[in-house]
Amino acid sequence: MDTPEYVPGHGLLENRIVVVTAAAGAGIGFAVAKRAVEEGATVVISDIHERRLDEAADELADLAGDRPICEVCDVRDEAQVQGLLRSALDAHGRIDVMVNNAGLGGDTSLIDMTDEEWDRVLDVTLTGSMRCTRAAMRIMGSQGRGVIVNNASVLGWRAQAGQSHYAAAKAGVMALTRCAAIEGVDLGVRINCVAPSFATHPFLAKTSSKELLAELAAGEAFGRGAEPWEVANVVVFLASDYSSYMTGEVVSVSSQRS
């Protein structure tokens, strides 16, 4: 199935303040930030890569008219997470939506995996999501409202060789989302997550073999990976009032055959 035409914005996030982690580059994070701007939001973006983050802010400035706040943030560092959200609050007075996109993968069989590899993937992908969720819940709870969207993966449900650390982390993100969502109800905070299967972007091509990418595409009913903006569309839905009766849900963004 061919890639569909890009969907125009419909004002779903009009006047919202949206914070997006890992928003540099050409992956899901930047696609979410771009879609949020197209839907009327003011964004605050972060990433660990300073140069690419500046480039992302410049591109969003061309779209929005104003350059968004961009802040280098390593989600493994609590002080940097706090600094990111403080910058958003100082500039805009509130945070309406937090999108936790930061994650780290790899491809190592379990018998060859070191403790350091395991710990790094878990710290970025799972514990980083926890740090950002916790910080956002505290702020949104004081506001009496807010939405958090986490980024998981279908590997949180399904098996793939070489992905024990990543799959365990993403399954953890799903469980974190469900449990935090129950706690968030009394705070006025909704928390959901997306679980993409295979989204294509240049970074993936640099880190994965052509054979693996072809195999992943063949496993999709559409015969291709998702465009990052197709995943971002679902994130926008979960961040918007159109999903007002959803919390603690994991939404698969996938056309996998099994």
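Taking Arg94, is it in a loop (DSSP other than H, G, I, E, B), charged (D, E, K, R) and crowded, with 16+ Cβ neighbours inside 10 Å? It is false that Arg94 is in a loop (DSSP other than H, G, I, E, B), charged (D, E, K, R) and crowded, with 16+ Cβ neighbours inside 10 Å. Can you work out which of the residues in the stretch 111-156 that are surrounded by fewer than 16 Cβ atoms within 10 Å (Cβ to Cβ) and of a type in the set (A, V, I, L, M, F, W, C) is farthest from Val20 (Cα to Cα)? Out of the qualifying residues, it is Ile111.
Screening Ala41, Ala36 for residues that are out of contact with any helix residue (DSSP H, G or I) (no Cβ under 6 Å at 6 or more places or on another chain), under 24 Å from Met174 (Cβ atoms) and of a type in the set (A, V, I, L, M) leaves exactly one candidate, Ala36.
The set of residues in the stretch 72-91 that are closer than 14 Å to Val44 by Cα and crowded, with 20+ Cβ neighbours inside 10 Å comprises Cys73, Val81, Leu84, Leu85, Ala88.
Out of the stretch 44-67, which residues are part of a loop (DSSP other than H, G, I, E, B) and either in contact with a helix residue (DSSP H, G or I) (Cβ under 6 Å, 6 or more places away or on another chain) or buried (at least 19 other Cβ atoms within 10 Å of the Cβ) (or both)?
Ile48, Arg67 - these are the residues of the stretch 44-67 that are part of a loop (DSSP other than H, G, I, E, B) and either in contact with a helix residue (DSSP H, G or I) (Cβ under 6 Å, 6 or more places away or on another chain) or buried (at least 19 other Cβ atoms within 10 Å of the Cβ) (or both).
Scan the stretch 112-128 and tell me whether some residue there is touching a Cys at 6+ places or on another chain (Cβ under 8 Å) and modelled with pLDDT of 95 or more. No: the stretch 112-128 contains no residue that is touching a Cys at 6+ places or on another chain (Cβ under 8 Å) and modelled with pLDDT of 95 or more.
When the stretch 1-34 is filtered for residues that are on the phi > 0 side of the Ramachandran plot and surrounded by 13 or more Cβ atoms within 10 Å (Cβ to Cβ), the ones remaining, listed by number, are Ala22, Gly25. Taking residues in the stretch 1-20 that are closer than 25 Å to Ser255 by Cβ and of a type in the set (Gly, Ala, Ser), and partners anywhere that are assigned to a loop (DSSP other than H, G, I, E, B) and modelled with pLDDT of 95 or more, the pairs with Cβ atoms closer than 8 Å and at least 6 places apart or on different chains are Gly9/Glu39; Gly9/Gly40. Among the residues of the stretch 22-43, how many are aliphatic (A, V, I, L, M), within 14 Å of Gly103 (Cα to Cα) and in a helix (DSSP H, G or I)? Final tally of qualifying residues: 1. Within the stretch 102-160, restricting attention to residues that are closer than 23 Å to Leu12 by Cα and assigned to a loop (DSSP other than H, G, I, E, B), the residue that is nearest to the chain's Cα centre (by Cα) is Ala152.
The values are calculated or read from the model by the stated rules, or taken from the named source; none is laboratory data. Model, not experiment: these values are computed from the prediction. All Cβ positions, glycine included, derive from the backbone under ideal geometry; neighbour counts span all protein chains shown.
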